[in-house]
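Structure first, commentary second.
The values are calculated or read from the model by the stated rules, or taken from the named source; none is laboratory data. Because the structure is a prediction, the values reported are computed rather than measured. Don't worry about glycine lacking a Cβ; one is built from the backbone with ideal geometry, like all the others, and counts go over all protein chains shown.
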Amino acid sequence: MSPEGLDELLDQVPCLAGRVRVEELSGGLTNRNYRIVTGDGDYVVRWSGSDAALLGIDRDAEHVNTRAAFEAGVGAPVHEYRPDLGVLVIGYLTGTSLENHAFEDPGVLRRAADACRRLHAGPRFTGEFDMFARQASYLRTVREQGFAMPTGYDDHADGWAQVRRVVESRPRETVPCNNDLLAGNFIDDGERVWLIDYEYSGNNDVAFELGNTCTECEFPPERVEAYAEAYYGSPTRGDVARVRLGSLRSEYGWSLWGFIQAASSPLDYDFHEWGMRRFEKAARTFTSDRFGRLLEEAAGD
C-alpha cells in the first residue's frame, strides 16, 4: 500500500488520530503490520491484504480470539476492529520479538512454555483447528486451482493416515491454541513472554501447538525434550512422541500453505521454497526408521 493510501486508511480509525509516527514492522506474510505512535499510546495495525479464503483465515474469529488471549493474560489488548477496512488495531507490546537462536536460553524456553500454558488455560476460543481437516482443505485448493506442488507429496498419504489414526485413537482435550507460534510470534520482555498473531487460532491439542514451534524454530532433539518438560513438568515418552508428531503434522500440512501462497500472494517472497523446506522435513520423517517408533510411543500411553 502506498503511503498516501495508508494515511487514508488510518484516517478512518478514530483511535489513530493524532499519530506522530508510522513504522512498518517486519515479519508478516499475510498481513502488513504497522506500529502507530500517537499522543495517547502505541498501537499496532494489522492490515490484511491476502486472499484469506484460500488460506482458511476467519478474520472475525481472529478478532474474537485475540480478545480472549488478552483476557488470558498473554496477548495484546484489542482497540479497534474494522472488517470493512481489513484492519485490526491492537496494543503495542514492549519487548523483543524472538528469533530461533533465542530458545537456546533455558530461561527463554521456560517463559515461552509458561506463555503457552497461560493461553491454554484461558477462555475457550471461537472455532476449532484440526490440521488433518486443514491439510485436506488445502490439498483440494491446490488441486482445484492447479497450483504447483511436489510430485512426491502424495507418496506420504499412507503415513499421514497412520499419524491420524494414532492421534485420533488417543484424543486429548482441546484447548485455545495459537497454532502458528513461530519465533517471531513470541514477544519477550525479560520477565514474561507474550503471544501475538491469532490468524489461525482455534481450539486444538497441545501437542500440535508445541510441535509446531519445535519445527518452526528448528529445535534439535534435546531441545524438543526440554520444551516438553518446560510445558508438561514431567512428560511421558508418549507426550514427547506426540509433540514430535505435532511437528510432522505442522510440516506436512503447512507446506501446502506455502504452495498456495506461492501461486496467489502478491508479496515478493519465495513461498514455494518456504513450503518445500517443510515438505522435505516431513518427507525425511515419514521415510525414516524412527517413524514407526514415534507412532508406537505416541499410542503407548
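The set of residues in the range 138-156 being surrounded by 16 or more Cβ atoms within 10 Å (Cβ to Cβ) and outside any loop (DSSP other than H, G, I, E, B) consists of Tyr138, Leu139, Thr141, Val142, Tyr153, His156.
Looking only at the range 33-74, residues that are in contact with a strand residue (DSSP E or B) (Cβ under 8 Å, 6 or more places away or on another chain), charged (D, E, K, R) and closer than 20 Å to Asp11 by Cβ come to 3 in all.
A count restricted to the range 177-236 and to residues that are among the aromatic types (Phe, Trp, Tyr) and within 19 Å of Asn65 (Cβ to Cβ) stands at 5.
Checking each residue in the range 37-67 for being modelled with pLDDT under 90, over 28 Å from Leu139 (Cα atoms) and surrounded by 14 or more Cβ atoms within 10 Å (Cβ to Cβ) picks out only Thr38.
Candidates are the residues of the range 218-250 that are aromatic (Phe, Trp, Tyr) and in contact (Cβ under 8 Å) with a residue 60 or more places away in the chain; the one that is nearest to Asn204 (Cα to Cα) is Tyr231. Go through the range 75-107 residue by residue and tally those that are within 16 Å of Ala183 (Cβ to Cβ), in contact with a strand residue (DSSP E or B) (Cβ under 6 Å, 6 or more places away or on another chain) and not small (Gly, Ala, Ser). So the answer is 3.
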